[in-house]
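Enquirer: Below you will find the structure I want to go over with you.
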Amino acid sequence: MKEEKEKLEEIKHNKLVGPGLGLIALGLIYFIWYIMPFSLDFLQGKPLYIHNWAYSLIFLTVGLAWYQKSPIPRSIALVQSFLLPILASGSVNPFVIVIIVFILLVLFGIVVTFERKRGKFLLQDKLQKRTWTWLNMHLLVFAWLFIIHIGFLFLVVRAPQEIDLLMIGSRAGWLKNYPPELHEISTWAFDIALIVWGVLVLYEQFKMGYNFQNKPWPTWSFWALAAAIAAGLIGLLIQLLTYGFDVQNILDLL
């Protein structure tokens, strides 16, 4: 009896703790931070930082999709996450992306509410079990890959190019749609932590597979996201205590 109770507790734990919960926490904390009065004042002076609204809501949607094992909601989350590399590259006006992300979040909420009230997932009767299972797993895996792109785009694309673009002008290249962040310690810390999370969550998914036995999901990726939040906040604190937040870009420090 004791072993059965422990197994049931593990199953309940499995349904709660995992990449989904970590992304929900990250998305909510991220979004709340950027709608606080001090953040709204900051956005009035630097409106391009509105991209953080899109980041946070995409984290939230992908996290919520973890708990809705249905292809339609997870497809919406994937479409949202597909916008991340576009947004992080600075190739599109961030205000446009934010609007699209809000629309997709509302659509996600409508579909999930409909499925739960109906008591049945959309397409459940039309797809084979193998196809259903494959889609449910891989739609989230691809969404995670797009999230990881944030870190890689900063380290591989934006960071190497930023000084050269700033030499040309403050709106040269992708700087037209994305603010310079090479001097932001929190950006470095958060993006590196996000890549570490990506490696862990993909390893966990590889280890768990389709998880037909409903085994408890490993918690490393959950704690990695907690570490990412902490890394970003510590980065902000270090910058506050060193050269402050009045620095506009890396050229001011050179």
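The values are calculated or read from the model by the stated rules, or taken from the named source; none is laboratory data. Everything quoted here is computed from the prediction, not taken from an experiment. Here Cβ is always computed from backbone atoms with ideal geometry, including for glycine, and neighbour counts include all displayed protein chains.
Enquirer: Quick check on residue 239: is it among the polar types (S, T, N, Q) and under 30 Å from residue 42 (Cα atoms)?
Expert: Details: among the polar types (S, T, N, Q): yes; under 30 Å from residue 42 (Cα atoms): yes.
Against the criterion (among the polar types (S, T, N, Q) and under 30 Å from residue 42 (Cα atoms)), residue 239 qualifies.
Enquirer: Here is a check on your reading of the model: is residue 140 within 25 Å of the chain's Cα centre (by Cα), crowded, with 16+ Cβ neighbours inside 10 Å and hydrophobic (A, V, I, L, M, F, W, C)?
Expert: It is true that residue 140 is within 25 Å of the chain's Cα centre (by Cα), crowded, with 16+ Cβ neighbours inside 10 Å and hydrophobic (A, V, I, L, M, F, W, C).
Enquirer: Within the set of pairs 6+ apart or on separate chains, which have a first residue in the stretch 143-167 that is surrounded by 16 or more Cβ atoms within 10 Å (Cβ to Cβ), a second that is assigned to a helix (DSSP H, G or I) and among the charged types (D, E, K, R), and C-beta atoms under 7 Å apart?
Expert: Here the result reads 150/191; 151/191; 154/191, each pair linking the stretch 143-167 to a residue that is assigned to a helix (DSSP H, G or I) and among the charged types (D, E, K, R).
Enquirer: Further question: Given (1) modelled with pLDDT of 95 or more; (2) surrounded by fewer than 13 Cβ atoms within 10 Å (Cβ to Cβ), identify the lone condition not met by residue 5.
Expert: (1)
Enquirer: Considering every residue within the stretch 109-116, establish whether at least one is at pLDDT 95 or above and under 20 Å from residue 145 (Cβ atoms).
Expert: No, the stretch 109-116 has no match at all.
Enquirer: Still on this model: Inside the stretch 216-248, can you point out the residues that are at pLDDT below 90, of a type outside the set (A, V, I, L, M) and within 22 Å of residue 175 (Cβ to Cβ)?
Expert: 244, 245, 246, 248
Enquirer: Within the stretch 158-172, is even one residue over 21 Å from residue 207 (Cβ atoms), among the small types (Gly, Ala, Ser) and touching an Asp or Glu at 6+ places or on another chain (Cβ under 9 Å)?
Expert: yes
Enquirer: I need the full set of residues from the stretch 119-141 which are out of contact with any helix residue (DSSP H, G or I) (no Cβ under 8 Å at 6 or more places or on another chain), modelled with pLDDT under 90 and assigned to a helix (DSSP H, G or I), in order please.
Expert: 129, 130, 131, 133
Enquirer: Next question, about the same structure. Just name the residue that is surrounded by the fewest Cβ atoms within 10 Å (Cβ to Cβ) out of those in the stretch 197-208 that are without any contact (Cβ under 8 Å) to a residue 60 or more places away in the chain and out of contact with any helix residue (DSSP H, G or I) (no Cβ under 6 Å at 6 or more places or on another chain).
Expert: Going through the qualifying residues, I end up with 206.
Enquirer: Something else: Considering only the stretch 12-108, give the helices (runs of 4 or more DSSP H) lying wholly within it that have at least 2 residues that are closer than 17 Å to residue 190 by Cβ, within 12 Å of the chain's Cα centre (by Cα) and touching a residue at least 12 places away in the same chain (Cβ under 8 Å).
Expert: Where helices (runs of 4 or more DSSP H) fall fully within the stretch 12-108 and carry at least 2 residues being closer than 17 Å to residue 190 by Cβ, within 12 Å of the chain's Cα centre (by Cα) and touching a residue at least 12 places away in the same chain (Cβ under 8 Å), they are 19-33, 51-65, 71-89.
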